[in-house]
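S.K.: Sharing a structure below in structure tokens format, with a few things to ask.
Throughout, read-outs are computed from the coordinates displayed, never taken from laboratory work. Quick caveat, the model's predicted, so the values are computed rather than measured. Note that we place each Cβ from the backbone using ideal geometry, even for glycine, and neighbour counts take in every protein chain shown.
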Amino acid sequence: MSSARTGRRPQPLRSRLTPLALTAVGLMSGLLSSQALAVDSVTLRVGHALNEDHVVARSYRHMADELEQLSDGSMHLRIFPNGQMGSTQDMLGQMQNGALDLVHASASNLESFDDIYSVFNLPYLFPSQADFKKVVFGPIGEEIMQSTREKGFFAIGAYVAGYRSFYASKPIRTPADLEGMKIRVQSSPTTIRMIKLMGGSPTPIAFSEVYSALQQGVVDGAENNVPSYVQTRHAELARYFSEDQHTSVPDFLTIATSTWNRLSDEQQQILQKAVADSEAYQQKLWDKVNQQAREQAKEMGAQFIEVDKDAFRKAVQPLYEEYRQQSGHAELLERIRDAEQDDDQPQG
Ligand code: GCU
């Protein structure tokens, strides 16, 4: 098997297995004793900071069921949701130390572990969601996901996350409205710079702590996609959702390289298939959830504000100039632009 991403749009598992492997699966499911199966049994611990309604959290439960089924009950996913194991940054550290096998992280969380992920935090990078999918689920995404293997982890799955926009207890129509406002951000240097260029004051806070930060006035606003705005109930505290749609930051499922290497070839294939199915499940669910979330937000009293995106786009231009100056970044941006224009790339 060449890479974890070869399994992202895999053939049905059975058609990809060699006859010998098929015999082994047959033996495992039918003839071997439960004692022998127990030897092959594996439980993978995955941590995430999302609440259980989050569309990606639902996709991980889907993955857990798939894993059980595809492995005839020998592979299990033990999910630690809701930031039970700490913030995403803490969990990524725990994964590097072997305490967790898999961790859910947005590209923003990953940026401080590997600079390659900073590209996904650039504002207005993707002209459309179709372009986002071409890049994230195409060869460039694959390359980025694999690139951190030597650092002790890599990404095995990617998930769509719509557009991120500002929300606060007042409308934010232009960058000038951000003046003096403390805005919660994920721990991404690129996002921090972006907020500063727009005129706001960026405040990194873990996802699960944002509700109380808004409530206690530690921050004046935050930024996220609509489903997260609603599921976290931030909409109760920050009624104005101003749709500048500054970023589309993908979510990733990362796995410890040591865990991956401990799995047999067959277990790796089964895991890849379960992850690929969870990606497809999440994409199918996303549009529905996004639409429902808009309705729910309105029921909670939220207002959606249309803004002139050009003013925001203009404010962040220096970020692109700074980004291009760093080694390899200009080339990566060019490749992304080419991929966006290539109609043969996957569109999800
Ligand atoms: C989104 C994203 C999460 C991320 C969160 C955040 O909900 O899907 O992965 O943790 O934003 O702002 O922290």
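S.K.: How high is the relative contact order of the range 42-340, in percent, with contacts defined as C-alpha pairs under 8 Å that are six or more residues apart? Display every interim value, and only then the final one.
M.R.: Values: 546 pairs, mean separation 77.4, N = 299.
Answer for the range 42-340 is 26 percent.
S.K.: Roughly what % of DSSP beta bridges within the chain run antiparallel, to the nearest 5?
M.R.: On the way: 19 of 36 bridges.
Around 55 percent antiparallel, to the nearest 5.
S.K.: Relative to the Cα centre, what is the charge dipole magnitude of the range 149-233, using +1 at the beta carbon of each Lys and Arg, -1 at the beta carbon of each Asp and Glu, and rounding to the nearest 20 debye?
M.R.: Details: 10 positive and 6 negative charges, 24 e Å.
That gives a dipole near 120 debye.
S.K.: OK, next. Please report the spacing between the Cα centers of the range 271-347 and the range 49-69 in Å, no decimals.
M.R.: 22
S.K.: Still on this structure, please answer the following. Counting other C-beta atoms within 10 Å, which of 288, 196 has the fewest, and how do the rest follow? Could the numbers behind the result be given before it?
M.R.: Details: 288 10, 196 15.
By the 10 Å Cβ count, ascending: 288, 196.
S.K.: Just how far, in whole angstrom, is the range 77-113 from the range 185-219 if you go by their alpha carbon centroids?
M.R.: The two parts, judged by their Cα centres, are 20 Å apart.
S.K.: Continuing with this model, one more query. Let me spell out the model: positive unit charges on the Cβ of Lys and Arg, negative unit charges on the Cβ of Asp and Glu, origin at the Cα centre of the chain. What dipole size does that give, in debye rounded to 20?
M.R.: The calculated dipole for the chain is roughly 340 debye.
S.K.: Work out which helices of the chain, taken as complete DSSP H runs, extend at least 20 Å along their axis over the Cα atoms and score a mean Kyte-Doolittle of -0.5 or more, then list them. Write out the running numbers ahead of the final one.
M.R.: Working: long enough: 55-70 (22 Å, -0.42); 265-299 (49 Å, -1.52).
Counting only whole DSSP H runs, the qualifying helices are 55-70.
S.K.: Starting from the eigenvalues of the Cα gyration tensor, five times each then square-rooted, give me the equivalent ellipsoid semi-axes of the chain, largest first, whole Å. List each step's numbers first, then the result.
M.R.: Numbers: eigenvalues 275, 97, 64 Å².
So the three semi-axes of the chain are 37, 22, 18 Å.
S.K.: What number, rounded to the nearest 500 deg cm²/dmol, is the helix-based mean residue ellipticity at 222 nm of the chain, given -39500 (n - 2.57) per DSSP H run of at least four residues and division by all its residues? All intermediate terms of the calculation are to be shown ahead of the outcome.
M.R.: On the way: 16 runs with 156 residues, N = 348.
-13000 deg cm²/dmol, from helical runs alone.
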